[in-house]
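**Q** Below are the structure tokens for one structure; questions will follow.
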Amino acid sequence: MLESRKNIFCYLMVAPALILVILLGILPMIQSLRMAFVEYNLLTLRTKGTPFVGLDNFEYLFSDSVFIQTLVQTIMFVVIVVGFVIVLGVLAAQVLNRQFVGRTFLRTTFLLPWFIPPVIAAGIWRWLLNTNLSPINSVLSDIGLINGNIGFLTDTTSIGYFSLPMLVVSLVRTWNGLPFVTVMVLAGLQSIPSDIYEAADIDGASSWQKFTRLTLPLLRPVLVVIATLLSISGIGYFEVNYVMTGGGPRDLTNILGVYAYDQAFSFYRFDYAAAASSVILILTSFIAFFYIRYLLKED
């Protein structure tokens, strides 16, 4: 009887959060999936309704060269951001984990990007990187490194799908995500027993050997979690790319989140937007599957 009451109490405590997840997460996701298999054009909604079209919306997407470009660029965006932010986060955490004067101030400084909403940060970076008004261009020009303004967000020169604007928005997203990674890695470093490093010092291990053979292997669980979370959020990312470039120039910074938004609110094709969102769901589920598989294997 006591155990039953305890279980009921636990269910009641979890119920509000579960209801919110169902109402704000699962039900909209199911509705979006349903919309991906019907024709939902706001311009013809009153006359044609929402007839079932099967996989026609997905056929349209994968025959659209802009969508294929967007899909490749989304994966490229995720790879660049996850790679850069993990490397920089590990290096920053290594520095912040040491004892030195001003460490508290430096730790606080690293957290500042976390406190700025992504939309506001993207607006500031858009001004900083404006071709004609950029103070960065002014500084580079004053010290003689460039003769003309650099089109950080407008240069249409590309190598395949890789371009300067894509690199720039990826670096801005890296800057925005760096505090999260640094804090997570720093927590992981502080959980490593110091006697392990003391034993390595006695054995004559160098700093590089301690980093590659002790620190990185012991941080692997934390790094896997970070990479998984950043990859899942990166596939459906929206704010920085939309505010800074709107997916341009020439769709060179377009990613799936921006593509789906444009299909829904620029072209009024909620069916194509829902199909693109379903692709995001499939990709994120794919990552989650391998993460869960990794956890089960570790156990």
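**Q** How many residues does segment 135-180 hold that are more than 15 Å from ARG250 (Cα to Cα) and of a type in the set (Phe, Trp, Tyr)?
**A** Residues flagged as more than 15 Å from ARG250 (Cα to Cα) and of a type in the set (Phe, Trp, Tyr) within segment 135-180 amount to 2.
**Q** Any residue in segment 182-208 that's in contact (Cβ under 8 Å) with a residue 12 or more places away in the chain: show its pairings with residues that are surrounded by 10 or more Cβ atoms within 10 Å (Cβ to Cβ) and among the aromatic types (Phe, Trp, Tyr) at Cβ separation under 6 Å, as long as the two are six or more apart or on different chains.
**A** Partner pairs satisfying both residue conditions: THR182/PHE110.
**Q** Further question on the same structure: State yes or no: is ALA199 surrounded by fewer than 16 Cβ atoms within 10 Å (Cβ to Cβ), within 23 Å of the chain's Cα centre (by Cα) and assigned to a helix (DSSP H, G or I)?
**A** no
**Q** So, one more: Does any residue of segment 155-166 turn out to be touching a residue at least 40 places away in the same chain (Cβ under 8 Å), surrounded by 20 or more Cβ atoms within 10 Å (Cβ to Cβ) and either of a type in the set (Phe, Trp, Tyr) or in a helix (DSSP H, G or I) (or both)?
**A** yes
**Q** Please verify whether VAL72 is under 17 Å from the mean Cα position of the chain (by Cα), within 26 Å of GLY247 (Cα to Cα) and surrounded by 18 or more Cβ atoms within 10 Å (Cβ to Cβ), treating the condition exactly as stated.
**A** When the stated conditions are applied, VAL72 does not pass them.
**Q** Just a yes or no: is a residue in segment 237-256 more than 24 Å from PRO118 (Cα to Cα), touching a helix residue (DSSP H, G or I) at 6+ places or on another chain (Cβ under 6 Å) and in contact (Cβ under 8 Å) with a residue 60 or more places away in the chain?
**A** So far as segment 237-256 goes, no, none of its residues is more than 24 Å from PRO118 (Cα to Cα), touching a helix residue (DSSP H, G or I) at 6+ places or on another chain (Cβ under 6 Å) and in contact (Cβ under 8 Å) with a residue 60 or more places away in the chain.
**Q** Still on this structure, please answer the following. Being assigned to a helix (DSSP H, G or I) and within 21 Å of VAL222 (Cβ to Cβ): is that true of VAL81 here?
**A** The answer is yes for VAL81.
Quick grid of which residues meet (1) at pLDDT below 95; (2) over 22 Å from VAL185 (Cα atoms); (3) surrounded by fewer than 21 Cβ atoms within 10 Å (Cβ to Cβ):
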{"site": "LEU218", "(1), (2), (3)": "yes, no, yes"}
{"site": "VAL222", "(1), (2), (3)": "yes, no, yes"}
{"site": "GLY247", "(1), (2), (3)": "yes, yes, no"}
{"site": "LEU256", "(1), (2), (3)": "no, yes, no"}
{"site": "ILE292", "(1), (2), (3)": "yes, no, yes"}
{"site": "LYS297", "(1), (2), (3)": "yes, yes, yes"}
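**Q** Could you look through segment 76-121, keep only residues that are surrounded by 17 or more Cβ atoms within 10 Å (Cβ to Cβ) and among the β-branched types (Val, Ile, Thr), and pick out the one that is farthest from ILE282 (Cα to Cα)?
**A** The residue in question is VAL90.
**Q** Sticking with this structure for a sec: Take segment 51-79 and flag every residue that is more than 18 Å from ASN254 (Cβ to Cβ) and touching a residue at least 24 places away in the same chain (Cβ under 8 Å).
**A** Answer for segment 51-79, where residues must be more than 18 Å from ASN254 (Cβ to Cβ) and touching a residue at least 24 places away in the same chain (Cβ under 8 Å): VAL53, ASN57, PHE58.
**Q** Could you check segment 1-44 and list, in sequence order, the residues that are assigned to a loop (DSSP other than H, G, I, E, B), surrounded by 11 or more Cβ atoms within 10 Å (Cβ to Cβ) and either touching a strand residue (DSSP E or B) at 6+ places or on another chain (Cβ under 9 Å) or modelled with pLDDT under 90 (or both)?
**A** PHE37, GLU39, TYR40, LEU42, THR44
**Q** Which residue pairs have Cβ atoms closer than 7 Å, lie 6 or more positions apart in sequence or on different chains, and pair a first residue in segment 103-128 that is under 20 Å from VAL169 (Cβ atoms) with a second residue that is of a type in the set (S, T, N, Q) and outside any loop (DSSP other than H, G, I, E, B)?
**A** Hits for this filter: PRO113/ASN176; PRO118/ASN176; ALA121/ASN176.
The values are calculated or read from the model by the stated rules, or taken from the named source; none is laboratory data. Quantities reported herein were computed from a predicted structural model and do not represent experimental measurements. A quick note on method: Cβ atoms are made from the backbone with ideal geometry, for glycine too, and the neighbour counts reach across all protein chains shown.
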